[in-house]
Amino acid sequence: MATRAVLQTFERYQKERVAFVTAVAEMAKNPQNIEALQQAGAMALLRPLLLDNVPSIQQSAALALGRLANYSDDLAEAVVQNEILPQLVYSLSEQNRFYKQAAAFCLRAVARHSPELAQSVIDSGALDSLVTCLEEFDPGVKEASAWTLGYIAGHNAELAQQVVDAGAVPLLVLCVQEPELSLKRIAASALSDISKHTPELAQAVVDAGAVQYLAPLVINQDAKLKRQVCCALSQIAKHSVDLAEVVVGAEIFPKILTCLKFPDEFVKKHSATVVREVAKHTPELAQLVVGNGGVGALVDYISDSTGNNRLPGIMALGYIAAFSETLALSVVAEKALPPLVSALNEEPEDHLKSATAWTLGQVGKVLANDAAGRAQFVHSGGLAAVQQMAEAPGSKLKEAVEIINSCYPEEIVKYYSPSYSQQLLEKLESMAATTTAY
């Protein structure tokens, strides 16, 4: 009888712990509850539960702490100050797969806020444990680890280098080859976060064989995966000619151009960014884009897109046209002028107008020898639109405008200038007023 009473007491205690930690984890989902949970001392009460002898309680405690830390950098800092990170790191190597996922989530929730907090995660010894988790059999554990490593590496080159030095890159490349789509996405995203900072970091990703496994995935029909793959390829290609040639050598053309017509807007934007980052380096790479039908695909993309999504396509055309008259003529031949003029007229953002006017300036170099192109530019409203840019306060586009204006007789340029139009309008209004008076 005494034994039963003792056991019942401990069972009630366990049930109450389970109920408490589950309720806190659930309440932490709602941002409105975060402040009240913090004031009630939730973090101090959750910390010892990370070492509970019941795995489900440990898991829920880590999940609740992660949700608190995810809310703000102050709460993430509180997790660090309460020395919770070492317990989480220890659990990554000792506990079951569900707890490992929750612990990795909590580490990610801390690391995401700032480079300083990400460094705190590293200082707790998390990198080695996270990299080891990439070798786990369970895809959920790999995914949680890869996600955390991506957040750490994304902040700056120094943190990304520490991730590389911990041996994460080859294992992330293996994760890209796994059958689970979500794991592929997050691994590709982490490789992108590493590659974006410096040529050396991008080279480390290339040396691990990432490009040969990323490139074939551009034809995958999963939108989220295509986004991350295109983003990673563009982050690699942007740094240097050699890295861009590695991306091209993986036979992404013309497959990447089909992504410009994919229904997902982010896929289209990221694929246009890949084309831009390849085309900008050399005349030979620009010619490769042209030879694969890239200019026509970019023109269609600009015509079908709006806002900032247009920017990589517009700049890609400018880079291509800037290399030579032959390449500029290929841009004019694909009827690029009307959509560029539309972008110049329709987009309110200064950086979009600047990029469009710069591209028009590169194309404008060949208008002097292309009568049909000059006429098309006038009829599409391009010449008038360019004059508006020329008189913008503090405009840095004067050179591009002058290139285009030099292709036309002075009286034509004057006719389309805003000052002339204003003078003409004032004259017409004066005539109308005189007629009314009579």
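Structure notes:
- This model, with +1 at the C-beta of Lys and Arg and -1 at the C-beta of Asp and Glu, gives the chain a dipole about its Cα centre of some 860 debye.
- DSSP H segments from the chain that extend 18 Å or more along their own axis, Cα-based, with Kyte-Doolittle mean of 1.6 or above: 311-323
- DSSP-loop chymotrypsin sites (Phe, Trp or Tyr not before Pro) across region 303-378, with at most 13 other Cβ within 10 angstrom: none
- Set of region 211-228 residues, backbone N closer than 15 Å to the point 7 Å along the Cα-Cβ line of residue 181: 217-228
- GNM top mover of 347, 16, 178 - the chain, alpha-carbon springs below 10 Å: 16
- Computed in the context of the full set of protein chains, the accessible area of the chain at 1.4 Å probe radius has 53% of its extent on carbon or sulfur.
- Residue 183 contributes about 0 Å² of solvent-accessible surface, heavy atoms of the protein only, 1.4 Å probe.
- Rel. contact order, % - alpha carbon contacts under 8 angstrom, at least six apart, the chain: 7
- Using a probe of 1.4 Å on the protein chains alone, the accessible area found for residue 132 is around 80 Å².
- Residue-span extension gain [residue 207 to residue 333] - 0.36 nm each, minus C-alpha spacing: 41.4 nm
- Per residue accessible area in Å² of the chain, where ligands, DNA and RNA are left out and the probe is 1.4 Å: 46
- Computed from the C-beta positions of residue 308 and residue 174 and an R0 of 41 Å, the FRET efficiency is 0.75 to the nearest 0.05.
- Only helical runs count toward this figure. For the chain, summing -39,500 (n - 2.57) over DSSP H runs of n ≥ 4 and dividing by all residues gives -23000 deg cm²/dmol at 222 nm.
- Distance in nm between pseudo-label sites at residue 83 and residue 351 (7 Å out along the Cβ direction from Cα): 4.5
- Legend: calculated FRET efficiency, residue 325 to residue 241, from the Cβ-Cβ distance at R0 = 22 Å, rounded to 0.05, equals 0.50.
- Region 1-101: relative contact order in percent, alpha carbon pairs under 8 Å with at least 6 residues between: 25
- If you plug the beta carbon distance of residue 13 and residue 128 into 1/(1 + (r/R0)^6) with R0 = 30 Å, you get a FRET efficiency near 0.25.
- Note on residue 142: lysines with a C-alpha under 25 Å away, same-chain residues under 8 apart excluded, are 29, 100, 184, 196, 224, 226.
The values are calculated or read from the model by the stated rules, or taken from the named source; none is laboratory data. Remember, predicted model here, so these are calculated numbers, not experimental data. Neighbour counts run over all protein chains shown; Cβ positions are idealised from the backbone, glycine included. Note: accessible area is taken over every heavy atom of the protein model, side chains too, but ligands, DNA and RNA are not part of it. Shrake-Rupley method; radii C 1.70, N 1.55, O 1.52, S 1.80 Å.
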